[in-house]
Amino acid sequence: MTATGTYRRIARAAACIAAAGLVAAMGACGSRESAGTASSNASGTLNVVASINQWGSVASEIGGSRVKVTSIINSTAVEAHDYEPTSADIAAISKADVIIVNGAGYDSWATKAAASTKAQVVNAAESGGKHDGDNPHVWFSAAVRTATAKAIAEAYEQRDAAHAKEYGKRLDAWQNKEKTLESAIAEAKRRLDGKKYAATESVAAYLADDLGLTDATPAGYAQAVANESEPASGDVATFSKQLQAGSVALLVVNTQESNATTKQLIASAQHGGVHQVKLTEQMPKQYSTLTDWMTALVASFATAGKA
């Protein structure tokens with residue numbers, strides 16, 4: 001394993017240990033209402049904490065003025081895999097009525113902290129049938145987005161039954177927007193279905209699948225990156241030759257992970273006339289909702305795939 005991979009694993013383990021310690025220290029902080037009763041906040045709103053802003057945006061849309069949402073990770077400058085929660089983060093989780101974690105190992109610190117509370121907990125990955133070991137970037141999946149939105153609405157209804165109809169109406173409105181997005185995905189798929197793509201990281205693999213694209217990333221390279229290891233020089237060379245030859249239609253680049261290897265691959269793609277789709281793991285600040293971000297990405301894929 002490379003130094004980078006080792007560091008990431010150590011950092012993630014340290015974050016989990018830190019979260020567990022902070023939760024234990026704050027275990028006596030506050031009490032929770034039983035399911036079916038509204039928050040005891042003076043404002044009458046539900047305290048909602050999401051580990052990442054992707055799900056925080058969905059929580060806000062479905063909750064409206066009935067919720068106060070805090071997204072702990074809300075910047076593309078933050079590496080979510082290695083995030084170390086602060087005492088303020090854990091305190092916010094300990095006081096939440098509803099907690100939304102991504103799951104699938106992406107935010108283990110949040111999953112562990114949430115387990116020590118009496119809040120309604122929504123695990124996005126589990127809601128969509130994904131588990132530890134699966135690709136954790138589940139917000140790129142249409143099926144997981146839909147399942148998670150429904151789970152969030154149900155969590156609100158459990159905690160605040162008096163306003164269940166309101167949450168249901170807002171869920172319907174969210175689903176209508178998602179259906180429009182899925183129509184855009186279906187339209188783009190007509191252009192992209194069966195085309196080959198490669199990726200510097202498998203961040204958007206679920207979206208690529210929804211668009212009908214075929215993953216042609218060299219297996220050795222893909223496996224190394226998935227294991228958070230530096231890919232072997234031979235695998236990088238194979239990938240570069242593939243791109244220089246123009247053997248794939250698209251190269252998907254995670255701009256949050258820029259290094260010498262990704263720069264080499266981008267240069268190879270440019271040499272081979274391979275179109276690029278650049279994206280981030282976290283939702284960029286110019287988008288206020290997950291649906292808007294996904295809509296923009298679908299358009300990027302469709303445009304790049306016209307060639």
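The values are calculated or read from the model by the stated rules, or taken from the named source; none is laboratory data. The shown structure was predicted, so the numbers you read here are calculated from the model rather than taken from an experiment. All Cβ positions, even for glycine, are placed from backbone atoms using ideal geometry, and neighbour counts span all protein chains on display. What goes into the accessible areas is simple: the full protein's heavy atoms, side chains included, and nothing from ligands, DNA or RNA. Shrake-Rupley method; radii C 1.70, N 1.55, O 1.52, S 1.80 Å.
Overview of results
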{"read-out": "Complete set of residues in segment 219-268 that are closer than 30 Å to A299 by Cβ, touching a residue at least 24 places away in the same chain (Cβ under 8 Å) and hydroxyl-bearing (S, T, Y)", "value": "S240, S247, T255, T261, T262, S268"}
{"read-out": "Within segment 289-304, considering residues that are open to solvent by 10 Å² or more (accessible area, probe 1.4 Å) and hydroxyl-bearing (S, T, Y), the one nearest to S60 (Cα to Cα)", "value": "T289"}
{"read-out": "Filter result for the condition that a residue is modelled with pLDDT of 95 or more and touching a strand residue (DSSP E or B) at 6+ places or on another chain (Cβ under 6 Å), over A162, A222, A186, A199", "value": "A199"}
{"read-out": "Residue under evaluation K263, criteria (1) of a type outside the set (S, T, N, Q); (2) buried (at least 20 other Cβ atoms within 10 Å of the Cβ); (3) more than 18 Å from the chain's Cα centre (by Cα), criterion not met", "value": "(2)"}
{"read-out": "Number of positions in segment 142-172 that are open to solvent by 10 Å² or more (accessible area, probe 1.4 Å) and within 25 Å of L211 (Cβ to Cβ)", "value": "6"}
{"read-out": "Within segment 84-110, tally of residues that are more than 14 Å from the chain's Cα centre (by Cα) and buried (at least 21 other Cβ atoms within 10 Å of the Cβ)", "value": "10"}
{"read-out": "Residues (buried (at least 23 other Cβ atoms within 10 Å of the Cβ), under 29 Å from N227 (Cα atoms) and either touching a residue at least 40 places away in the same chain (Cβ under 8 Å) or hydroxyl-bearing (S, T, Y) (or both)) located in segment 111-121", "value": "T111, A113"}
{"read-out": "Top-ranked residue in segment 277-307 [being within 16 Å of Y197 (Cα to Cα) and among the charged types (D, E, K, R); ranked as modelled with the lowest pLDDT]", "value": "K306"}
{"read-out": "Candidate set from segment 176-190 (those that are in contact with a Ser or Thr (Cβ under 7 Å, 6 or more places away or on another chain) and open to solvent by less than 70 Å² (accessible area, probe 1.4 Å)); member that is farthest from N123 (Cα to Cα)", "value": "A184"}
{"read-out": "Selected residue (only one of A245, A269 is open to solvent by less than 40 Å² (accessible area, probe 1.4 Å) and closer than 19 Å to K195 by Cβ)", "value": "A269"}
{"read-out": "The lone exception for S202 - which of (1) open to solvent by less than 50 Å² (accessible area, probe 1.4 Å); (2) outside any helix (DSSP H, G or I) it fails", "value": "(1)"}
{"read-out": "Output for segment 221-239, where each listed residue is farther than 16 Å from V253 by Cα and surrounded by fewer than 15 Cβ atoms within 10 Å (Cβ to Cβ)", "value": "Q223, N227, A232, S233, G234"}
{"read-out": "Count - residues of segment 144-173 that are farther than 19 Å from V49 by Cβ, of a type in the set (A, V, I, L, M, F, W, C) and either touching a residue at least 40 places away in the same chain (Cβ under 8 Å) or not in a helix (DSSP H, G or I) (or both)", "value": "5"}
